[in-house]
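Below you'll find the structure, written out as C-alpha cells, and then a few comments.
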Amino acid sequence: MPLANADVAAVFEEIADLLEIQGANPFRVRAYRNAARTLQELGASVRKMVADGADLDALPGIGPDLAAKIAEVVRTGTCALLVRLHKELPPAIGALLAIPGLGPKRVRALYQALDIRSLDQLRDAAQQGRLRGVPGFGPTLEAKILEATATRLAQDRRFPIAAALAVADDLLAFLCRIPDVQRAVAAGSLRRLRETVGDIDLLAAARDGATVIERFTRHDDVRDVLASGDTKASVVLRNGMQVDLRVVAPESFGAAWVYFTGSKAHDIALRRLGQERGLKLNEYGVYRGEQRVAGETEESVYASIGLPWIDPALREDRGEIEAARARRLPQLVGREDLRGDLHVHTRDSDGRASIEDMVAAARERGLTYLAVTDHSRRLAIAHGLDPGRLERQIDHIDRINATLRGFTVLKGIEVDILEDGTLDLPDSILARLDLVVGAVHHRFDLPRAKQTDRVLRAMDNRHFTILAHPTGRLVDDRPGYDIDLLRVMRKARQRGCFLELNAQPTRLDLTDVACRMARDEGILVAIDSDAHSGLEFDHLALGVNQARRGWLTADDVLNARPLPALRPLLAATMG
Ligand code: DGT
Ligand code: CA
Ligand code: CA
C-alpha cells in the first residue's frame, strides 16, 4: 500500500514554496517545511492516526493549526490554503519551481524583477541574457536554466500516435529481453489509441524493479534520465519523446495496468464504483480493508466491481462504464474486419504507383477490393482527371478486372466539391462510376451556414456516395472548416450516403467523437487509407484505432462489408 505521509508532506512543501514566493513571514514558511519533514520521518501512517483520532499536535513541530490541516489533507487530498495560494499566484509558477536551479527564492526574484510568470517568458529572458541582471543569477545559472526550460517546453509537445506506437514497440521488445521481466506492455494514452500522446507510458511486471529500471535507463536511445528509482523511471529519448516506465510485482500487474492506462476520468469512475462496494482500487490491487481481493489481471479488477473488461479505446468516461454495467459494450471493429478500401490514388493523379501495383499491395494486406479515386480536374496541382482521362481510366480498370480473380477494382473519383456545391465533373461521366467520393479542397474560410449548404447541396447530386475527410481538420494543426456536422450526417442518412474516416495520420478525420455521432445517427462510416502508395494501406490500422475510440463496430463500417453486400449500398446512392 502507498504511504500517505509523503503525499501530505508534499502538500505542505508546496504551501511553503508558494508562501515564500509571495514573500510571507519566514517563520510561517519554516513551520510548513518542518511539518513536512516531521511527516516524512514519521514511522506511523498519518492517515491511520487521523482515522484513529490520534493526537496529531503531540507530534514535533505540529500545533493545533497544522494538526487540523493534516486532517484536512488526509480527508480531502488538498487544503483550502493551498487552493487559495494557487489562485493568488500565476498558474505556471509550479512549472517554474520544477526547473532545476530555481527554488522559491529565485522564482520570487524573477517574478518581482522581470515579471516572469511562465516557462515561455523564462526561456525568452534567458535567451536574451536578462536573467544575469537579477541578483543571485549569473551567466552559468542562466545557461543551465535555458537548457532546462527548453527541454521542459519540448516535453509539452504532443506526438502523433503512429510515431509513438513504433517507438513503443521497440522499447517493449527491449524490455521483454531483460531476464526478470515477465510482461511488458504499453499504457496511458498510447494504449487508449489517442491521436497524439504526451508521453509513452510503459509497464513491466518483474520481481526486481531496480535492475529493470537500471537496464532501461541505459538503453541507447535514451538521451536524458529525468528521474529513476526502484520502480519507475522517466526518460527523454533522442527523438525528444518522453517515456515513463513503471515496474510492478506480477500480482499487481492488472491493477497497475488499469491505473496507468487511464484515462484519469475513467480511473476515478472505477474507484468510485469500488468505494460503493467497500473496495479500494489503486495501482497495487483491489483491497477490502488490508486484504487484496484482485489485481493480477485487468479482468480481475473489473470483475471485482461487477464489470466486464473494458477495451482501452473506450476508457474515457464517456458512457463506457454505464454500457459495461448494462452488458452493452460495443464489439469494436478490428483491422481484420476491413474487406476493402474506398479511397485510393494512383499515378493517374498524384499517387506514386500504378493501379496494378496498388492492387498487389492491397491483396498482400488481406483486402478483396479497392476503389480507384483519383483527383478531379480542379486540383490541377495533383494532375486531376478531366472527363476524357477518367474515361480512359474506366476502360483500363475494366481490362484489369478481367484479369483478376478474388479481387475487384471499383471505379471511382475523388471529385472536388465546388464553392456552390456542384461537383467538378459532369453527371454523364459520374454515372459510369461505382462510387463518387466528394471532397472539399478549397474555400475553407466560408462561414458555417455557407459551408454546410455547400456540402448538403453536393450530397443532393444523385451520384454522390461518400464525403471524404468530412471536416478538413489536420491533427493538432488545423481545426477544420466550420460546418454543421450533425446536419451533414442527417442529410447523409436521408440520402443513403456515407461519411469517411480518412486514415491518413495527419488527418484522422472524422474524430473519435464524430465517429460516435455518426453511429448514433445511424450512418455507415468508410475507413479509408487515401493511399498514394502501396505502403500507405498500413494507415488503415490507424483509422481502425480511431474508429474504436468512436465506439464503431464492424456493422457501422461500410468497407467491413464484403463486396456483394457493398454493391447494393453503393448502387442505392448512384441514382
Ligand atoms: P498523455 O500522456 O497526455 O497523452 O495522457 P495520459 O493519459 O497518457 O496521461 P499520463 O501519461 O499523465 O498518465 C498515464 C495514466 O496514468 C493516466 O491516464 C492515468 C494515470 N495517472 C497518472 N497520473 C495520475 C494521477 O495523478 N492520478 C490518477 N488517478 N491517475 C494518474
Ligand atoms: Ca502518457
Ligand atoms: Ca506519463
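The values are calculated or read from the model by the stated rules, or taken from the named source; none is laboratory data. Computed from a prediction, not measured in an experiment: that's the story for all the values here. FYI the Cβ positions are ideal-geometry reconstructions off the backbone, even for glycines, and counts take in every protein chain you see.
In this structure, L171 does satisfy being within 16 Å of ligand 3 (Cβ to nearest atom), under 24 Å from the mean Cα position of the chain (by Cα), touching a residue at least 60 places away in the same chain (Cβ under 8 Å) and surrounded by 14 or more Cβ atoms within 10 Å (Cβ to Cβ).
Among A9, A109, which is part of a helix (DSSP H, G or I) and surrounded by 21 or more Cβ atoms within 10 Å (Cβ to Cβ)?
Numbers: A109 fails: surrounded by 21 or more Cβ atoms within 10 Å (Cβ to Cβ).
Of the residues listed, the single one that is part of a helix (DSSP H, G or I) and surrounded by 21 or more Cβ atoms within 10 Å (Cβ to Cβ) is A9.
Taking the criterion of being closer than 14 Å to L456 by Cβ and without any contact (Cβ under 8 Å) to a residue 12 or more places away in the chain, no residue of region 473-489 qualifies. Restricted to region 240-277, and to residues that are in a loop (DSSP other than H, G, I, E, B) and in contact with a helix residue (DSSP H, G or I) (Cβ under 7 Å, 6 or more places away or on another chain), which residue is nearest to ligand 3 (Cβ to nearest atom)? Per the stated criteria, the residue is G262.
Would a scan of region 166-179 turn up a residue that is within 14 Å of ligand 1 (Cβ to nearest atom), in a loop (DSSP other than H, G, I, E, B) and outside the structural domain of R33 (by TED's automatic domain parsing)? No, every residue in region 166-179 fails to be within 14 Å of ligand 1 (Cβ to nearest atom), in a loop (DSSP other than H, G, I, E, B) and outside the structural domain of R33 (by TED's automatic domain parsing).
Looking across G274, G198, one residue alone is more than 16 Å from ligand 2 (Cβ to nearest atom) and either farther than 27 Å from E316 by Cα or not acidic (D, E) (or both). It is G274.
So which of A166, A162, A148 ends up being modelled with pLDDT under 95, closer than 25 Å to W551 by Cα, more than 14 Å from ligand 2 (Cβ to nearest atom) and touching a Pro at 6+ places or on another chain (Cβ under 6 Å)? Explain how you work it out, then say what you get.
Values: A166 fails: touching a Pro at 6+ places or on another chain (Cβ under 6 Å); A148 fails: closer than 25 Å to W551 by Cα.
Residue meeting the stated conditions: A162.
Filter region 344-390 for residues that are among the acidic types (D, E) and crowded, with 18+ Cβ neighbours inside 10 Å; which is nearest to the chain's Cα centre (by Cα)? Spell out how you get there, then give the answer.
First, pick out the residues of region 344-390 that are among the acidic types (D, E): 348, 350, 356-357, 364, 374, 386.
Now restrict to residues that are crowded, with 18+ Cβ neighbours inside 10 Å: 348, 374.
Values: D348: 36, D374: 31 Å.
The extreme case among them is D374.
Of everything in region 155-168, what is surrounded by fewer than 16 Cβ atoms within 10 Å (Cβ to Cβ), of a type in the set (A, V, I, L, M) and over 14 Å from R238 (Cα atoms)? Give them in sequence order. Residue satisfying the conditions is A166 alone. Pick from G188, G262, G240, G198: which is closer than 24 Å to E147 by Cα and within 10 Å of ligand 1 (Cβ to nearest atom)? That would be G198, the only listed residue that is closer than 24 Å to E147 by Cα and within 10 Å of ligand 1 (Cβ to nearest atom). Only one of the numbered conditions (1) over 38 Å from the mean Cα position of the chain (by Cα); (2) assigned to a helix (DSSP H, G or I) is violated by G61, and that is (2).
Kindly indicate whether any position in region 38-48 is under 30 Å from D115 (Cα atoms) and either touching a residue at least 40 places away in the same chain (Cβ under 8 Å) or assigned to a helix (DSSP H, G or I) (or both). Break it down into steps so the answer makes sense when it comes.
Of region 38-48, the ones under 30 Å from D115 (Cα atoms) are none.
No, region 38-48 contains no residue that is under 30 Å from D115 (Cα atoms) and either touching a residue at least 40 places away in the same chain (Cβ under 8 Å) or assigned to a helix (DSSP H, G or I) (or both).
Within region 316-343, the set of residues being part of a loop (DSSP other than H, G, I, E, B), in contact (Cβ under 8 Å) with a residue 12 or more places away in the chain and under 19 Å from the mean Cα position of the chain (by Cα) comprises E316, D317, R318, V333, G334.
Against the definition (in a loop (DSSP other than H, G, I, E, B), surrounded by fewer than 15 Cβ atoms within 10 Å (Cβ to Cβ) and within 35 Å of the chain's Cα centre (by Cα)), how does G101 come out, yes or no? Yes, satisfied.
Between P91, P135, which is out of contact with any helix residue (DSSP H, G or I) (no Cβ under 9 Å at 6 or more places or on another chain), outside the structural domain of F216 (by TED's automatic domain parsing) and in a loop (DSSP other than H, G, I, E, B)? Explain how you work it out, then say what you get.
Details: P135 fails: out of contact with any helix residue (DSSP H, G or I) (no Cβ under 9 Å at 6 or more places or on another chain).
That would be P91, the only listed residue that is out of contact with any helix residue (DSSP H, G or I) (no Cβ under 9 Å at 6 or more places or on another chain), outside the structural domain of F216 (by TED's automatic domain parsing) and in a loop (DSSP other than H, G, I, E, B).
Residues considered: E414, E419. Of these, the only one that is modelled with pLDDT of 95 or more, under 30 Å from G388 (Cβ atoms) and assigned to a strand (DSSP E or B) is E414.
Would you mind stating whether L281 is outside any helix (DSSP H, G or I) and either farther than 25 Å from R328 by Cα or within 13 Å of ligand 3 (Cβ to nearest atom) (or both)? For L281, the condition - outside any helix (DSSP H, G or I) and either farther than 25 Å from R328 by Cα or within 13 Å of ligand 3 (Cβ to nearest atom) (or both) - is not met.
Of all residues in region 300-315, those satisfying the criterion of being touching a residue at least 40 places away in the same chain (Cβ under 8 Å) and more than 23 Å from the chain's Cα centre (by Cα) are S300, V301. Annotation: of all residues in region 186-207 being more than 14 Å from ligand 3 (Cβ to nearest atom) and surrounded by 15 or more Cβ atoms within 10 Å (Cβ to Cβ), the one that is farthest from T511 (Cα to Cα) is A206.
Regarding R315, is this residue closer than 15 Å to I268 by Cα, surrounded by 15 or more Cβ atoms within 10 Å (Cβ to Cβ), of a type in the set (K, R) and touching a Gly at 6+ places or on another chain (Cβ under 9 Å)?
Numbers: closer than 15 Å to I268 by Cα: yes; surrounded by 15 or more Cβ atoms within 10 Å (Cβ to Cβ): yes; of a type in the set (K, R): yes; touching a Gly at 6+ places or on another chain (Cβ under 9 Å): yes.
Taking the combined requirement at face value, the residue satisfies it.
Screening D220 against (1) buried (at least 18 other Cβ atoms within 10 Å of the Cβ); (2) out of contact with any helix residue (DSSP H, G or I) (no Cβ under 8 Å at 6 or more places or on another chain) leaves a single unmet condition, (1). Taking every residue in region 127-144 that is among the β-branched types (V, I, T) and pairing it with any residue that is at pLDDT 90 or above, at least 6 positions away or on another chain, the pairs with Cβ-Cβ distances below 7 Å are V134/A109; V134/L110; V134/A113; V134/L114.
Condition check ((1) out of contact with any Lys or Arg (no Cβ under 7 Å at 6 or more places or on another chain); (2) modelled with pLDDT under 95; (3) not in a helix (DSSP H, G or I)) across all residues:
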| site | (1), (2), (3) |
| --- | --- |
| C515 | yes, no, no |
| A518 | yes, no, no |
| I523 | no, no, yes |
| I527 | yes, no, yes |
| L540 | no, no, no |
| V544 | no, no, no |
| W551 | no, no, yes |
| A565 | yes, no, no |
| A571 | yes, yes, no |
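When region 88-98 is examined, which residues are found to be of a type outside the set (A, V, I, L, M, F, W, C) and either modelled with pLDDT under 90 or surrounded by 13 or more Cβ atoms within 10 Å (Cβ to Cβ) (or both)?
Narrowing region 88-98 to residues of a type outside the set (A, V, I, L, M, F, W, C): 88, 90-91, 94.
Across region 88-98, the qualifying residues are P90, P91, G94.
So if I check each of A514, A531, A492, which one is assigned by TED's automatic domain parsing to the domain that holds V409, without any contact (Cβ under 8 Å) to a residue 60 or more places away in the chain and over 25 Å from S189 (Cβ atoms)? Testing whether each residue is assigned by TED's automatic domain parsing to the domain that holds V409, without any contact (Cβ under 8 Å) to a residue 60 or more places away in the chain and over 25 Å from S189 (Cβ atoms) leaves just A492.
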